[in-house]
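Structure, as structure tokens:
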Amino acid sequence: MPNYDYRCEKCEQVFEVFQKMSDNKLTACIKDGCSGVVKRLLGAGAGVIFRGSGFYETDNRSKSYNDGASKEKPAPKEKPAKKKVSE
């Protein structure tokens, strides 16, 4: 569940509320004695954090994918045999 930032248009207090994404937006200030309207502020959100030794596009390939990929590789070219030069 994300945290949402709100700002009261009357008292200009900024506060954070922990809500479900499906919950309705707040409309009234939570400060005692203030009846101001609040607006939800846009946030940057949380970034994705990768932890570990490294992440590569080939890390999670299945065995069947790797087997199919190796079959598609062209065969190595053979070098022509060297001819002996007779004197």
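Each reported figure results from applying straightforward, stated rules to the coordinates on display, with no laboratory input. Predicted model only: the values in this text are computed from it and were never measured. Virtual Cβ from ideal backbone geometry, glycine too; neighbours counted across all protein chains shown.
Below is a table of values for the structure above.
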| item | result |
| --- | --- |
| Under 24 Å from the Cα of residue 79 - lysines, other chains or at least 8 residues apart | 71 |
| Reach of residue 20 by Cα under 24 Å, taken over lysines that are not fewer than 8 positions away in the same chain | 31, 39 |
| Residue 35-residue 16 pseudo-label distance in nm [points 7 Å out on the Cα-to-Cβ vector] | 3.1 nm |
